[in-house]
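Read the structure below first, then the notes.
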Amino acid sequence: MPGTFGPTIVVLGARGFAGSRAAESARRLPGWTVRPVTRELADVRDASAIGVALAGASAVVHAASHVGNDVELCRQVNVEGTANVVAAATANGARVVYLSTAAVSGRGPFRRLDEADAPLAPASTLSASRAAAERIVLDAGGLVVRPHLVLGAGDRWVGPGVAALTAAAGGLVDGGAAVHSVIEAGTLGALLVELATGPRPAHSVFHAAHREPVPVRALVAALWPERPAPPSVPLARARATVAGSPGLERALALLAVDHDFAVERVLAAASAPLDRPFALPADAIEWYQRS
């Protein structure tokens, strides 16, 4: 059902890292009414509240996920919550775009991994719950977006993880040679909105990243351009150094090997400038410099 002032797009998780960017992008859509929804307004675990929040929606960006490893919250929020979102969206005939993660494909190395060949091999409780949520969305005819590393002001995972691993290991593992698919948070938010409101794309699952992956050493230089380049540390030494620290071991397993995802599908489906080299906006660089 159309909104009061044209079609309505609902952004769930509108206070989150990517969801806030999606809500900001949606506000620039001509002819659309934007309804940002935070957990305080409607928790995805509450089917009744979500039904009200999605009433009259034509499109839904679902960026409300639990991103920890609490087993029960992963089930309640990511799986059951997504089922509630899909049920409410289906009742309104709304298109759902679900923000997932490339981590559903498990640990690399991956090199130019195409969506058609990407395995579902989640290596954590969190990733398994996101994979289950994907299936719910896809079975209902929705779309799934899988970023790998997302960067920008407010980043609580990538920048801090790189910094912690570099400090603990005493430098960049193998000189920071491993490459990773990356996207800036604002670009991701705009992409989610375009896929939700534009023409129906030919595919349903999309990697979200720039065409060219970024070596870890270049990522460090982009995040902290005024700091000297860290020294190179052999992988074997880094493994010995972080042994016994689960968080650092996970960061090492992720960052020390290639995670390069093909993006031809999303380049064909959206206008996001992902064919250009990755670059951070000035405010994001300033934020990383302060963090």
With the calculation restricted to Cα positions, what are the radius of gyration and Dmax of segment 121-250 in angstrom?
17.4, 51
The computed P(r) of segment 176-243 puts the percent of Cα pairs beyond 19 Å at 55 percent
Round to a whole number: what % of the accessible area of segment 84-228 belongs to carbon and sulfur, probe 1.4 Å?
55 percent
Would you work out the charge dipole size for segment 163-263 about its Cα centre, treating the Cβ of every Lys and Arg as +1 and the Cβ of every Asp and Glu as -1, and quote it to the nearest 20 debye?
180 debye
Using the Cβ atoms and a cut-off under 13 Å, what net charge is assigned to the surroundings of residue 194, where Lys and Arg are +1 and Asp and Glu are -1?
+4
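Percentage of Cα-Cα pair distances in segment 34-140 greater than 16 Å, rounded to whole percent?
So the pairs more than 16 Å apart make up 57 percent of the total in segment 34-140.
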Net charge within 15 Å of residue 285 by Cβ-Cβ distance, Lys/Arg positive one each and Asp/Glu negative one each, not counting residue 285 itself?
-3
Computed Rg/Rh of segment 73-115, alpha carbon atoms with Kirkwood Rh:
1.13
Could you check how many percent of all C-alpha pairs in segment 196-280 are farther apart than 23 Å?
44 percent
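If you place +1 on the Cβ of every Lys and Arg and -1 on the Cβ of every Asp and Glu, how big does the dipole about the Cα centre of the chain come out, in debye to the nearest 20?
The calculated dipole for the chain is roughly 100 debye.
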Could you bin all the Cα-Cα distances of segment 6-96 into 10 Å bins starting at 0 and give me the percent of pairs in each, rounded to whole numbers?
19, 52, 25, 4, 0
Sum up the charges of everything whose Cβ sits under 13 Å from the Cβ of residue 253, counting Lys and Arg as +1 and Asp and Glu as -1, but leave residue 253 out.
+1
Expected vector for segment 221-231, Karplus 3J(HN,Hα) from phi with 6.51, -1.76, 1.60 and θ = phi - 60°, integer Hz, x for Gly and Pro, equals 5, 6, 6, 10, x, 8, 8, x, 5, x, x
Residue-wise HN-Hα coupling along segment 266-274, computed from phi with Karplus coefficients 6.51, -1.76, 1.60 (Hz; x: Gly, Pro)
6, 5, 6, 9, 9, 9, 4, x, 8
Kirkwood Rh over Cα pairs of the chain into Stokes-Einstein at 4 °C, 1.567 mPa s: D in µm²/s?
67 µm²/s
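What does the highest-first list of 182-193, 197-208, 126-137 look like by mean Cβ count within 10 Å?
Details: 182-193: 25.3, 197-208: 16.9, 126-137: 22.2.
Going by the mean number of other Cβ atoms within 10 Å, highest first, we get 182-193, 126-137, 197-208.
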Using a probe radius of 1.4 Å on heavy atoms only, what accessible surface per residue do you get for segment 1-154? Whole Å² is fine.
42 Å²
Using Cα pairs under 8 angstrom and six or more residues apart, how large is the relative contact order of segment 1-122, in percent?
25 percent
Would you mind checking the tilt of helix 246-255 against the longest principal axis of the Cα atoms of the chain, expressed as 0 to 90 degrees and rounded to 10?
90 degrees
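The values are calculated or read from the model by the stated rules, or taken from the named source; none is laboratory data. If you're wondering where the values come from, they're calculated on a predicted model, not measured in any experiment. Please note: Cβ atoms are built from the backbone with ideal geometry, for glycine as well, and neighbour counts cover all protein chains shown. Just so you know, the surface numbers come from the protein's heavy atoms only, side chains and all, with ligands and any DNA or RNA stripped out. Shrake-Rupley method; radii C 1.70, N 1.55, O 1.52, S 1.80 Å.
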